[in-house]
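Student: Below you will find the structure I want to go over with you.
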Amino acid sequence: MENKSSKEKIEMKSLGSLLASGKLSEFSTQFKITDEGLISWATQKTYQPDQVKVVNFYRYEGESDPDDNAILYAIETTEGEKGTIVDAY
């Protein structure tokens, strides 16, 4: 019998499928990175690096196109705001 941990790798075909799965339902805010810091699209508040933590991340690699790679970060601020940011690489 296999022992499955809570950190088990879950295969998602796309970022859209992850968001649609409800796994990130409490991470509703979108953030953007600027020279001033991380800005919440919902509140327009700017957060500095010491005010945010990455709760989880999901990496996607394009099967047919190596340029189709991205990481989705689930982020929580010190004020309790939760959201996501996508970084294409």
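Student: Quick one: which of 37-43, 49-55 comes out on top by average Cβ neighbours within 10 Å, and what's the full order, highest first?
Tutor: In decreasing order of mean packing, 37-43, 49-55 become 37-43, 49-55.
Student: Return Tyr89, Tyr58 ranked ascending by Cβ neighbour count within 10 Å, so the fewest neighbours appear first.
Tutor: Fewest to most other Cβ atoms nearby, the residues stand as Tyr89, Tyr58.
Student: Just to confirm a number: summing +1 for Lys and Arg and -1 for Asp and Glu over residues other than Thr43 whose beta-carbon lies under 11 angstrom from that of Thr43, what do you get?
Tutor: Result for the local shell: -1.
Read the figures in this text as sums done on the coordinates, not as results from a lab. Computed from a prediction, not measured in an experiment: that's the story for all the values here. Here the Cβ is made from the backbone with ideal geometry for all residues, glycine too, and neighbour counts use every protein chain on show.
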